[in-house]
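Written out below as structure tokens is the structure these notes cover.
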Amino acid sequence: MTLYDAAFYFFALITVVSAGTVAMSRNIIYSAFSLLFTFFGVAGIYVLLNADFLAITQLLIYVGGILVLLLFGVMLTNKVIDVELKTGVMQSWPGAIVCGMVGGLLIVLFRITDWNIVQADPVLTATTFSLGEMFMTSYLLPFEVASVILLVALVGAALIARKDKSVQNQKGF
Amino acid sequence: MSAFGAIPSEGGKFSIDMHVTLTHYLVVSALLFSFGLFAVVTRRNAILLLMGIELILNSANINFVAFSRYGGMKLDGQAIAVFVIVLAAAEAAIALAIVLNIYQRFNTVNVDEVSDLRE
């Protein structure tokens, strides 16, 4: 077992265990902070997969952005005086059975499929330059569309989230 | 059809289990997916539902990057993964805004209690 394999098992363990905590924990705050470790583990897996730019992006956007947003959501939608931020579950046994079956099916499929592995051990190179070049050439249209989507999402989120008096007046509408 | 433990390595020998191959990454992503799915279908709290969706998006991203590394796709998989992250950020912002709006109107974010389109 090489160092690479050990690092993979380390990150995979972090990712899977904390993802399990996210899915199972009754405490919302525990779930939110377990999500932090999941994102870190996934970033480590990206590094092992020769995706350095993507790993940093994962840390910046997921940990720095999305997780903070989710924590804000937790804080804003619960009474702060509640010490225990519990969450209810519904139909957990049917859900567990179905999800276990889906996961087992996926794992069996992944195992028995004869994947066409082209590059077993490529030379590790920095990907940032090539990725930037791709975004400016072959992925130019999706890149521009993504920027427009982000702008629309920004404006839309601000518009939806603010308290609007005129909407309150139209309750009987 | 090669079994899990019998993927021939470059040296022609058969490596068993411990050597990390494409399948290992796919299995991690499958586990992440099923945990995310479990969170989505069983949680009542809308915020935790969003966390489950983030788990699912992350598992999809692991698949993209793993195939980009092993499948000979060069960097296409990583480019797609960047777009997935961008869309996840947009989705999280919009969904949080909607959840906050729901909380203002219904005073709860439990998705099974918010079943009316109007107050």
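What the table shows:
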item: Rg/Rh for the stretch B:27-91, where both radii come from Cα atoms and Rh is the Kirkwood radius; result: 1.05
item: Cα-Cα separations in the stretch A:102-153 greater than 14 Å, expressed as whole percent; result: 74
item: Span-rule helices in chain A, defined as complete DSSP H runs reaching 24 Å or more along the axis (Cα) with Kyte mean at least 0.0; result: A:3-24, A:28-48, A:92-112, A:140-161
item: Virtual spin-label span in nm between A:Val148 and A:Tyr4, 7 Å along Cα→Cβ; result: 4.2
item: Added length on full extension, which subtracts the Cα-Cα distance from 0.36 nm per residue, B:His19 to B:Arg44; result: 5.0 nm
item: Two-site label geometry, A:Ser92 and B:Ile98: point separation in nm, points 7 Å out along Cα→Cβ; result: 2.6
item: Diffusion coefficient, µm² s⁻¹, Stokes-Einstein with Kirkwood Rh over alpha-carbon pairs of chain A at 37 °C and 0.692 mPa s; result: 161
item: Of A:Thr57, A:Thr125, A:Thr137, the one that fluctuates the most in a GNM where chain A has Cα springs shorter than 10 Å; result: A:Thr137
item: Quotient of C-alpha Rg and 2.2 N^0.38 Å, computed over the protein assembly as shown; result: 1.09
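Every number here is computed from the coordinates shown, using simple stated rules; none is lab data. In this text, all values refer to a predicted model and were calculated from it rather than measured experimentally. Don't worry about glycine lacking a Cβ; one is built from the backbone with ideal geometry, like all the others, and counts go over all protein chains shown.
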